[in-house]
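Engineer: Here it is: the structure, laid out below.
The values are calculated or read from the model by the stated rules, or taken from the named source; none is laboratory data. The structure displayed is predicted, hence computed values, not measured ones. Please note: Cβ atoms are built from the backbone with ideal geometry, for glycine as well, and neighbour counts cover all protein chains shown.
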Amino acid sequence: MSYITNLKCRECGQEYPISPLHVCETCFGPLEITYDYARIRAAISRKLIESRPHNLWRYRELLPVDSEPEAGPFSGFTPLVHAKRLGAELGLKNLYIKDDTVNHPTLSYKDRVVSVAITKAREFGFTTVSCASTGNLATAVAAHAARANLKCYIFMPEGVESGKIVGSTIYGAQVITIRGNYDDVNRLCSEIADKYGWAFVNINLRPYYTEGAKTFGFEVAEQLGWKLPDHIVIPTAGGTILPKVAKAFKELKEVGLIKDTNFKIHSAQAEGSAPVIHALHKRTDLIEPVKPNTIAKSIAIGNPADGYYVLKAVRESGGWGDVASDPQIIDAIKLLARTEGIFAEPAGGTTLAVTKKLIEQGRIKRDETVVVGITGNGYKTLEAVANAIEQPVIIEARLKEFDSLFERLENGKREIAGAA
Ligand SMILES: *Cc1c(COP(=O)(O)O)cnc(C)c1O
């Protein structure tokens with residue numbers, strides 16, 4: 001049974017039937033799903049949700065599908081890690097990592113949105129799925145399409161990490177790289193979607209796809225014992241996940257699953273691709289596109305489709321946002337790995353680096369509950385840190401060699417400790 005009623009233009013309010021449409025024919029505003037919240041409120045409870053399998057479909061009444069979900073049986077419900085060692089370094093008692101580095105099956109937050117998009121593509125009867133991607137979406141679409149027996153074409157800008165190329169092609173998808181940046185790829189894909197009639201998960205299926213991102217927020221609230229954090233820090237690329245996390249928190253209240261409504265949501269961008277943060281800091285709604293240049297390639301979108309809604313959600317919540325430079329991103333990746341044993345990709349480094357800044361700026365206080373959204377896995381972006389780590393030592397297989405090496409290493413540490 002479905003609880004979705006319509007597609008509705010976010011700008012002019014015009015309604016459309018549920019179909020593979022994403023922009024308003026009258027005003028070109030983005031379309032969004034509407035739900036029958038009164039019926040959902042009557043149908044669900046904490047107990048019912050808690051009785052379900054640990055995947056994102058435990059919140060299915062709040063997701064835009066009609067059928068039994070065919071994709072993502074193991075996607076979502078990733079750990080919320082109480083980060084005590086990292087918290088101690090940053091001076092926070094209640095610091096949590098929402099860890100989508102271990103999302104199933106492709107190790108990023110994109111497994112959530114794609115689970116919903118692929119289920120919807122099957123419902124609409126599409127046989128080919130496609131996407132414009134900075135990398136993680138590509139791997140997720142390719143993997144979920146394989147399992148759903150759909151043909152798959154992937155479009156990415158040239159220069160994405162090899163983990164993203166190999167990690168898409170391996171599933172049997174046709175990968176095409178484009179001479180240009182993500183925004184060039186996206187423009188081309190809009191034309192292909194029109195001409196070829198394929199399901200582009202982030203173009204004509206966008207209203208459905210983006211709803212999957214709410215599950216990140218639903219889970220955080222459930223895992224905190226049906227409470228909202230005081231702060232949540234979320235990376236921004238195209239601007240899907242951040243407003244959807246804010247929407248998720250509001251929906252939980254709307255359907256009676258939580259009582260509190262106060263939270264501050266903060267946006268994190270890489271300095272080399274920060275159009276939304278620039279607008280936030282300038283206190284304007286006008287987002288000026290930039291040409292991305294950062295190691296955080298998965299969030300390098302210079303002209304974010306939903307940037308305006310990021311600004312809106314951040315401001316409504318009383319949140320803020322900041323940028324992280326490439327060296328700050330690398331330092332934060334190392335800090336998270338060293339303290340919590342979690343290896344994030346540069347998007348995660350960006351979020352943690354920005355969290356540190358927000359603490360330093362006094363916007364996040366010591367005793368408040370803070371969730372850092374870590375959305376992608378570092379094993380997929382090894383080249384980002386390969387030159388920033390100590391290289392392994394090579395020795396002969398002789399105990400004597402190790403003895404002298406060990407002595408040198410220990411002395412080295414004492415010298416460093418002495419100097420500090
Ligand atoms: C896609 C992505 C994001 C966020 O992108 P939005 O378009 O803003 O939703 C964040 N982190 C990683 C690792 C991603 O792949």
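Engineer: Do you know which residues across the range 272-290 are surrounded by fewer than 19 Cβ atoms within 10 Å (Cβ to Cβ) and either modelled with pLDDT under 95 or under 14 Å from Asp322 (Cβ atoms) (or both)?
Structural biologist: His278, His281, Lys282
Engineer: Answer with yes or no whether Glu410 is in a helix (DSSP H, G or I), more than 16 Å from the ligand (Cβ to nearest atom) and surrounded by fewer than 14 Cβ atoms within 10 Å (Cβ to Cβ).
Structural biologist: Taking the combined requirement at face value, the residue satisfies it.
Engineer: Sticking with this structure for a sec: Inspect all residues belonging to the range 260-273 and state whether any of them is part of a loop (DSSP other than H, G, I, E, B) and within 16 Å of the ligand (Cβ to nearest atom).
Structural biologist: Within the range 260-273, none of the residues are part of a loop (DSSP other than H, G, I, E, B) and within 16 Å of the ligand (Cβ to nearest atom).
Engineer: Look at the range 211-227 and say how many of its residues are under 17 Å from the mean Cα position of the chain (by Cα) and of a type in the set (Lys, Arg).
Structural biologist: 1
Engineer: Something else now. What are the residues in the range 241-259 that are assigned to a helix (DSSP H, G or I) and over 20 Å from Tyr182 (Cα atoms), if any?
Structural biologist: Pro243, Lys244, Val245, Ala246, Lys247, Ala248, Phe249, Lys250, Glu251, Leu252, Lys253, Glu254
Okay, residues lined up against (1) in a helix (DSSP H, G or I); (2) surrounded by fewer than 23 Cβ atoms within 10 Å (Cβ to Cβ):
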residue	(1), (2)
Ala332	yes, no
Leu335	yes, yes
Ile342	no, yes
Gly349	yes, no
Val354	yes, no
Ile359	yes, yes
Gly362	no, yes
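Engineer: If I filter the range 321-344 for residues that are within 16 Å of the ligand (Cβ to nearest atom), touching a Leu at 6+ places or on another chain (Cβ under 9 Å) and among the aromatic types (Phe, Trp, Tyr), do I get at least one hit?
Structural biologist: Yes.
Engineer: May I pose another question? Looking at the range 345-364 only, could you name the residues that are charged (D, E, K, R), more than 16 Å from the ligand (Cβ to nearest atom) and in contact (Cβ under 8 Å) with a residue 60 or more places away in the chain?
Structural biologist: In the first step, residues of the range 345-364 are kept if they are charged (D, E, K, R); the result is 345, 356-357, 360, 363.
Okay, now just the ones that are also more than 16 Å from the ligand (Cβ to nearest atom), so 356-357, 360, 363.
Selection gives Lys356, Arg363.
Engineer: Give all pairs with beta carbons closer than 8 Å in which a residue from the range 113-130 that is in a loop (DSSP other than H, G, I, E, B) meets a residue that is not aromatic (Phe, Trp, Tyr); count only pairs at least 6 apart in sequence or on separate chains.
Structural biologist: Phe126/Pro20; Phe126/Leu150; Phe126/Ala199; Thr127/Leu150; Thr127/Lys151
Engineer: Could you run through the range 131-152 and say how many residues are under 15 Å from Ala71 (Cα atoms), without any contact (Cβ under 8 Å) to a residue 60 or more places away in the chain and in a helix (DSSP H, G or I)?
Structural biologist: 5
Engineer: Could you tell me which of the residues Ile44, Ile40, Ile97 is out of contact with any Asp or Glu (no Cβ under 6 Å at 6 or more places or on another chain) and β-branched (Val, Ile, Thr)?
Structural biologist: Being out of contact with any Asp or Glu (no Cβ under 6 Å at 6 or more places or on another chain) and β-branched (Val, Ile, Thr) holds for just one of Ile44, Ile40, Ile97, which is Ile97.
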